[in-house]
């Protein structure tokens with residue numbers, strides 16, 4: 001995996017958290033967004049674009065929205081406050097790998 005990460009237990013949640021570098025903080029919000037649905041709501045969209053079934057897709061959750069391209073994906077935090085990161089660009093395949101790690105770490109609590 002291209003990015004350093006760690007997996008931590010949160011005593012206030014049934015989900016294990018993926019901690020990422022500061023420049024990818026918005027991705028942590030995306031993972032939190034998936035927790036509220038108890039499923040990896042963004043993975044199918046990424047797979048369609050990566051497989052070539054779709055050229056580009058946009059999808060939103062409760063906290064984040066994604067503009068998915070074959071090479072890069074823009075993740076936007078919809079609820080920013082002063083000092084918070086609004087968005088980040090990440091390689092689409094790297095984002096998929098992060099979500100797959102989240103799925104593996106939380107498979108027992110997902111639908």
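Just so you know, all these numbers are worked out from the coordinates, no wet-lab data involved. Since the model is a prediction, treat every value here as computed from it, not as a measurement. Positions of Cβ are generated from backbone atoms using ideal geometry, with glycine treated the same way; all protein chains shown enter the neighbour counts.
The figures follow:
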{"item": "Alpha carbon centroid spacing (whole Å) that separates the stretch 62-111 from the stretch 1-59", "result": "4 Å"}
{"item": "Footprinting exposure proxy for 58, 64 (fewest neighbouring C-beta atoms within 10 Å first)", "result": "58, 64"}
{"item": "Helix-only mean residue ellipticity at 222 nm for the chain, each DSSP H run of n ≥ 4 adding -39500 (n - 2.57), per residue, nearest 500", "result": "-10500 deg cm²/dmol"}
{"item": "Footprinting exposure proxy for 78, 46 (fewest neighbouring C-beta atoms within 10 Å first)", "result": "78, 46"}
{"item": "Value of relative contact order over the stretch 6-106, rounded to a whole percent, pairs C-alpha under 8 Å and six or more apart", "result": "23 percent"}
{"item": "Likely footprinting exposure, 89, 34, fewest C-beta neighbours within 10 Å first", "result": "89, 34"}
{"item": "Extension gain (nm, one decimal) between residue 72 and residue 14, 0.36 nm per residue minus Cα-Cα", "result": "17.8 nm"}
